[in-house]
Amino acid sequence: MSQLMNFIFRSRVAELFILLGLTLTGCNVRPAPADPVVDSLKLTHATGPLPDAAFKAQLSFAYQFPEIVGANRRLNVNLLVKNLSQINWPCGGQLDGKYKVQVGNRWLDNTGKPTEDAKGDLPYDLHPGDTAEVFLVITTPETPGSYTLEFDLVQEQVTWFRDQGSATLRVTLPVQ
């Protein structure tokens, strides 16, 4: 049984046990109504590189981002990722991570030297025009100074979207 099918089966069994337990204890429980948006979400896996036309994205902050950050700190970042291409982006890749589409960040120091930091997963397949919120935990540089923080998408072991002409999200930040 595939991992996804196994997960769905275990989730449904757990849901049934919870409902049975609540019913036996006298709780009046009804399953949530069907949600057409959630029911239409797909969780597919890429089996090869995306076509060149797929590497078009728009990234923005889901919430206000700080203007100054402390050195060597962890920050929770929520980004909105929009698929500007006409190609579906699958949320998964191969078991070893190859071909998976993720959001990543890097820090560029004042000389432009990059340091890759963290990655976050797409929560579901993104169809053309779709937007999803992606969560990352990033770590600020250890050395205080002025840095450029850049967010981009990557298809693992294939290419960064920026290298195919897609715009990145960049902010200049003082690290104290």
Packing-based exposure ordering (other Cβ within 10 Å, fewest first) of Asp152, Asp109 = Asp109, Asp152
Mind listing the Cα extents of the stretch 59-133 along all three principal axes, in Å, largest one first?
-> 37, 29, 22
Straight-line reach from Lys56: which lysines have Cα under 24 Å away, leaving out those fewer than 8 places along the same chain?
-> Lys42, Lys82, Lys98, Lys100, Lys119
Can you put Glu150, Glu133 in order, fewest other beta carbons within 10 Å first?
-> Glu133, Glu150
At 0.36 nm per residue, minus the direct Cα-Cα distance, what do Lys113 and Glu67 gain on full extension? Give it in nm, one decimal, please.
-> 14.4 nm
Efficiency of FRET from Cβ geometry, His45 and Lys82, R₀ 25 Å, rounded to 0.05 | 0.70
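FYI, it's all coordinate maths here, none of it is from the lab. Since this is a predicted model, take the numbers as computed values, not measurements. Virtual Cβ from ideal backbone geometry, glycine too; neighbours counted across all protein chains shown.
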